[in-house]
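Quick notes on the structure that follows.
The values are calculated or read from the model by the stated rules, or taken from the named source; none is laboratory data. These figures come from a predicted structure and were not determined experimentally. Cβ: placed from backbone, ideal geometry, glycine included. Neighbour counts: every protein chain shown. For the accessible areas, the whole protein counts, side chains as well, though only heavy atoms, and no ligand, DNA or RNA atoms are used. Shrake-Rupley method; radii C 1.70, N 1.55, O 1.52, S 1.80 Å.
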Amino acid sequence: MRNSKTLAKVRAGKPVRMCSFGHFIPAYIPMAADSGFDCVWLDAEHRAFTDREIQTLLAYCHRFDIDCMLRPPTLEKSRLYRYLEDGATGLMIPHVSTADRARELVQAVKFPPLGDRGQDGVGMDAGFLSRGDEYVEHANRETFLVVQIETPQAVENIDAIAAVPGVDGMFIGPGDLGLRIRRTETTVTIAQANAEVAAAAARYGKFWGGPGLSLENIQHLYGLGAQMIAHGNDYDGLLAMVRKSSAELDAIYD
């Protein structure tokens, strides 16, 4: 059973190095691990993966000793904890706007006494060996639940959400939150969300973060106390490569 590098950094008061990807590229995982990242964020909310593909990518994460924070495409209880059984170190759940929803998620992904997760105990996360209570205690200690703050309602409820036992961290989604700010009647702002999430995290001993939209934005979030900032992804990397290669060919052929 492996320990979480993300939680080790958080508990030491240090920032987590995390990058993200959304395509079936097994090689991305050892590249990230070799480059010093603690965690890869695998997005299955907006990208399509089969269960076997996810199992394969999680096995690579174990092979190269790097955490995987999976954003799943479902809230179905047994599927959520099956991702943990298959080796995900953490789950990040989108659109968590109330404390009640946060408590439901804790029930799904934490073992008693925190939650009501079902026990198998012989999956990838247990090394395919039955380990009894040692496994249960390890899973509660070394896996994490992150809830995404993506609506004005979530910002308004952030204190109650952060107070839920078993919620380990909060992650602001500026894309969805910004969309809802623009298209609904609300006084909430992104700056307000950052400040209120930071304050709630400090009050309740949780970690928080968001995507690093620029180097200046990363510096700003880090200055507010964010420990989980996502920087670097497969989409931007591939797009930059093909545009650079096309421009180089233009310089020769045109």
Exercise. List, largest first, the extents of the alpha carbons of region 157-254 along their principal axes, each in whole Å.
Key: 60, 31, 23
Quiz item: How much net charge surrounds Ala32 when only other residues with a Cβ under 13 Å from its Cβ are counted (Lys, Arg +1; Asp, Glu -1)?
Solution: -2
Practice problem: Could you list the square roots of 5 times each eigenvalue of the Cα gyration tensor of region 209-254, that is, the equivalent ellipsoid semi-axes, sorted largest first and rounded to whole Å? | Solution: 34, 10, 4
Self-check item: region 120-254, accessible area per residue, ligands and nucleic acids excluded (1.4 Å, Å²)
Solution: 52
Self-check item: Most mobile of Asp176, Asp67, Asp51 in a GNM of the chain (Cα contacts under 10 Å)
Solution: Asp51
Exercise. Find the cysteines in the chain that fail to meet the 4.7 Å Cβ criterion with every other cysteine, and list them.
Key: Cys19, Cys39
Practice problem: First compute the accessible area of the chain with a 1.4 Å probe, then give the percent of it belonging to carbon and sulfur atoms. | Solution: 53
Quiz item: By DSSP, what percent of the beta bridges with both residues in region 71-172 are antiparallel, rounded to the nearest 5?
Solution: 0
Exercise. Please say if the chain is rounded, prolate or oblate, where rounded means a/c under 1.5 for a ≥ b ≥ c the square roots of the C-alpha gyration tensor eigenvalues, and otherwise the choice is prolate for a/b larger than b/c and oblate otherwise?
Key: oblate
Exercise. Find the eigenvalues of the gyration tensor of the Cα atoms of region 1-93, then list the square roots of 5 times those eigenvalues as equivalent ellipsoid semi-axes, largest first, in whole angstrom.
Key: 20, 15, 12
Self-check item: Longest to shortest principal axis, alpha-carbon extents of region 113-210, angstrom
Solution: 52, 25, 20
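What does the charge count near Asp86 come to, summing +1 for each Lys or Arg and -1 for each Asp or Glu among other residues with Cβ under 12 Å from its Cβ?
Cβ neighbours under 12 Å give a net charge of -2.
Going by average Cβ neighbours within 10 Å, how do the peptides 197-208, 72-83 rank, with the highest at the top? Spell out each step's value before the answer.
Values: 197-208: 19.0, 72-83: 16.9.
So the peptides 197-208, 72-83, ranked by packing, come out 197-208, 72-83.
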Quiz item: In the Gaussian network model of the chain, springs joining C-alpha atoms below 10 Å, which of Gly13, Gly166, Gly237 carries the largest mean-square fluctuation?
Solution: Gly237
Quiz prompt | Euclidean distance between Cα centres, region 1-42 to region 64-132, Å | solution = 17
Quiz item: What does the helix-only formula give at 222 nm for the chain: each DSSP H stretch with n ≥ 4 adding -39500 (n - 2.57), the total divided by the residues, and the result rounded to the nearest 500 deg cm²/dmol?
Solution: -14000 deg cm²/dmol
Quiz item: Hey, in the GNM for the chain with a 10 angstrom Cα cutoff, which one of Arg243, Arg101, Arg141 fluctuates hardest?
Solution: Arg243
Quiz item: Across the chain, how many lysine pairs separated by 8 or more positions, or lying on different chains, have Cα atoms within less than 23 Å?
Solution: 8
Quiz item: Dipole magnitude of the chain about its Cα centre, charges +1 at Lys/Arg Cβ and -1 at Asp/Glu Cβ only, in debye to the nearest 20?
Solution: 380
Quiz item: How high is the FRET efficiency from Asp176 to Lys14, r the C-beta distance, R0 41 Å, rounded to 0.05?
Solution: 0.90
